[in-house]
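Structure first, then comments.
The values are calculated or read from the model by the stated rules, or taken from the named source; none is laboratory data. All figures in this text were calculated on a predicted structure; none of them were measured in a lab. Counting neighbours? That spans all protein chains shown, and the Cβs are built from the backbone with ideal geometry, glycine included.
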Amino acid sequence: MGVNFKKSYKFAFKSSLYISIFLLGCLSLYHFLFEKIDVFFLFFFPVGLFVFSFFLIQYRVEIFIYKRIKKLYDEVSILDATSLTDKTVTTDISSLTKDIRNFAKEKKIEIESLKVREEYRREFLGNVSHELKTPLFTVQGYLDTLIEGGAIKDKELRKKYIERASKGVERLIHIVQDLDMITKFESNDLNLELSSFDIIDEIQNVFDLLEMEADKKNIILMFDEKYTSSIIVTADKEKIQQVLVNLIMNSIKYGRENGTTEVSVEVINKNKVLVRIQDNGEGIDKQHLSRIFERFFRVNKSGSRAEGGSGLGLAIVKHIIEAHQEKIFVQSTPKKGSEFSFTLKKGK
């Protein structure tokens, strides 16, 4: 902090004025009641006293109060209080009070933010631990059974256990890859390869890819209408395919048996395209909507884990869309279904 000093003369002026008025009153009273005082003395002595008092009081304020206030500023500056360190030291108590109040408000906000981050960090580490622990224990259990239980001698049993252990390893790899992708997005280390492509064709490709998964629950993957012409968008084709896979796969996982997943594409204006994925599944309660894009957040923890997945799908979707500088939205009604929608830049 610099030693710049903002002087405030209000206190010295008012104090000197009060002293001078008081002395003038006393002299005037003495003049009328007891003994006549020279008018020159009666007028100029209070004025002289005012000037002397003003400089004396101002000097004392600067020497004593300023030193103490500057010490307070210096001590507070240790805490990196930018609202105080960038200011000049002042003896104006109202300004000082305002500065300290702003400092306290700033620190309160900072403390609350740190508490939220700490809670989020604890929850995130707990979720990571749980997600990794489940497949690890699965793999360990099957391998231990093979090694110690004698199942390795049984060809059929050996094959079954190795296949199940392999699935556990695949889930571990999937979780690690998703975490790596999110880390790259958050550190702006993942470059987008933009190109122009037909979003209708891409959605149909995802339908074909997930058709077997949908058939397991007899869910129909469909467009809201027959699109006879292409709708070109400009984006990272591979990443948008991942967004579509995650959203449509979720609609299958949490959709109602014998239900539907309906996708619509709407040209909003000459620059934007809106893609909607709607299902008639179990839906999401209102209190959970604000958190569904958080890493590892699950509305129904036990049921969601039974469906598999890393728990990072929607977080990745949000990062991909935001990396394109676009928006993603969600609307849901419990027992009726959910609708996820996102915007893309219209291509040529």
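Rundown of residues vs (1) assigned to a helix (DSSP H, G or I); (2) charged (D, E, K, R), yes/no style:
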| residue | (1), (2) |
| --- | --- |
| Tyr142 | yes, no |
| Leu146 | yes, no |
| Leu157 | yes, no |
| Val169 | yes, no |
| Ile175 | yes, no |
| Leu179 | yes, no |
| Thr183 | yes, no |
| Asn188 | no, no |
| Glu202 | yes, yes |
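Hey, could you check segment 168-182 for residues that are of a type outside the set (A, V, I, L, M, F, W, C) and in contact (Cβ under 8 Å) with a residue 12 or more places away in the chain and say which is nearest to Phe137 (Cα to Cα)?
Among those that are of a type outside the set (A, V, I, L, M, F, W, C) and in contact (Cβ under 8 Å) with a residue 12 or more places away in the chain, it is Gly168.
Just need a number here: residues in segment 228-249 that are touching a residue at least 12 places away in the same chain (Cβ under 8 Å) and out of contact with any strand residue (DSSP E or B) (no Cβ under 8 Å at 6 or more places or on another chain).
Here the count works out to 7.
So which pairs qualify, if the first residue must be in segment 17-41 and assigned by TED's automatic domain parsing to the domain that holds Val51 and within 17 Å of Val51 (Cα to Cα), the second must be loosely packed, with under 13 Cβ neighbours inside 10 Å and aliphatic (A, V, I, L, M), the Cβ gap must be under 8 Å, and the two must be at least 6 apart or on different chains?
Ser20/Val47
Can you work out which of the residues in segment 211-253 that are loosely packed, with under 14 Cβ neighbours inside 10 Å and hydroxyl-bearing (Ser, Thr, Tyr) is farthest from Asn271 (Cα to Cα)?
Among those that are loosely packed, with under 14 Cβ neighbours inside 10 Å and hydroxyl-bearing (Ser, Thr, Tyr), it is Thr228.
Looking at segment 213-220, can you tell me whether even one residue there is in contact with a helix residue (DSSP H, G or I) (Cβ under 6 Å, 6 or more places away or on another chain), under 19 Å from Gln278 (Cβ atoms) and at pLDDT 90 or above?
There is at least one residue in segment 213-220 that is in contact with a helix residue (DSSP H, G or I) (Cβ under 6 Å, 6 or more places away or on another chain), under 19 Å from Gln278 (Cβ atoms) and at pLDDT 90 or above.
Could you tell me which of the residues Lys270, Lys346, Lys327, Lys336 is surrounded by fewer than 17 Cβ atoms within 10 Å (Cβ to Cβ) and modelled with pLDDT of 90 or more?
The unique qualifying residue is Lys327.
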